[in-house]
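For reference, the structure is listed below as structure tokens.
None of the figures in this text is laboratory data; all of them are computed from the coordinates on show. Since we're looking at a predicted model, the values are computed, not measured. A quick note on method: Cβ atoms are made from the backbone with ideal geometry, for glycine too, and the neighbour counts reach across all protein chains shown.
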Amino acid sequence: MDVVRVWFKKTGKAKYISHLDLMRYITRMLRKTDLNLYYTQGFNPRLSIVFALSLPLGVEGLTESFDIKLPCDMSSEYIKKQFDLISSPEITFTGISKPVYKPIDIRYAEYTITLFECSDNIKNLIISKLSSDELTIIKRSKKGAEKSINLLENIVNLSVGGFETEFTLNLLLPAGNFNNINPLIFLSALLEGTDYDYKTAKIVRNRLLIDKEKNYA
């Protein structure tokens, strides 16, 4: 049994596809290939596919991945060619590799957040909040329990930039099964008290990491 990690980009309008619908789409497209795919056993066989980490709705991803099992050995060139046939402009398969780490190893995600038509007042407010001691949100668990979180304690490698009316933030946020901060929640907290609609910003997840420096591979 051969496990293959498939890398892809999810950009443009595809960022509005939910994770569940993305799984259905990719499963449907995989069935159109000539790959000998592995299915689970039992009364309701399903394609064996494991995604690294779901993308928040409205966020683009540049190095997303999922793992599939192939019952027999196939050349990397052949597998890559099959994925090239089902690529689209907004869900593009970019490569394959052997898994090095497991999805459970993921600890951080790197994001680039771009605000357009951003006034100097809003820029200054954001910088002021980022320079303060705390930026607190209330996070609710699936069971309804509430927990106060200081977002600023969770940010790593923050940098800001931009020109004229654009404002850009690049940073690492906790991601994975143990601690996960949605970049939309972070941006919403930054823009609280302004009339800027955080949903108009462009948020891109550049990569996943297993620690503050090492990429998930």
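Could you tell me which of the pairs 143/199; 10/202; 81/102; 9/102; 13/102 are separated by over 22 angstrom between their Cα atoms in the structure shown? From 143/199; 10/202; 81/102; 9/102; 13/102, over 22 Å: 143/199; 81/102; 13/102.
Given the options 13, 139, 32, state which has the largest fluctuation in a GNM of the chain using a 10 Å cut-off (strictly under) for Cα springs. Maximum fluctuation in the GNM of the chain, among the listed residues, is at 139. For segment 2-99, the normalised intensity computed at q = 0.13, 0.19 Å⁻¹ comes to -0.43, -0.92 (log10 of I(q)/I(0), Debye sum over alpha carbons, equal scatterers, no solvent).
Length gain on complete extension for the stretch residue 101 to residue 2, per 0.36 nm per residue less the alpha carbon to alpha carbon distance?
Numbers: separation 99, 0.36 × 99 = 35.64 nm, distance 1.52 nm.
Going from the current span to full extension adds 34.1 nm.
Where (i) 14.0; (ii) 13.2; (iii) 15.2 are the candidate values, the label of the one calculated here for mean projected area of the Cα convex hull in nm² is (i).
Scan segment 151-217 for GluC sites (Glu not before Pro) in coil per DSSP, keeping those whose Cβ has at most 13 other Cβ atoms within 10 Å, and list them by number.
Numbers: sites: 153, 164, 166, 192, 213; in loops: 164, 166, 192, 213.
Filter output for segment 151-217: 164, 192, 213.
For the chain, the longest principal axis of the C-alpha atoms and the axis of helix 76-86 are separated by about 70°.
Suppose R0 equals 45 Å; then what is the FRET efficiency for residue 212 and residue 43 from their Cβ-Cβ distance, rounded to the nearest 0.05?
Values: r = 45 Å, r/R0 = 1.00.
Computed FRET efficiency for residue 212 and residue 43: 0.50.
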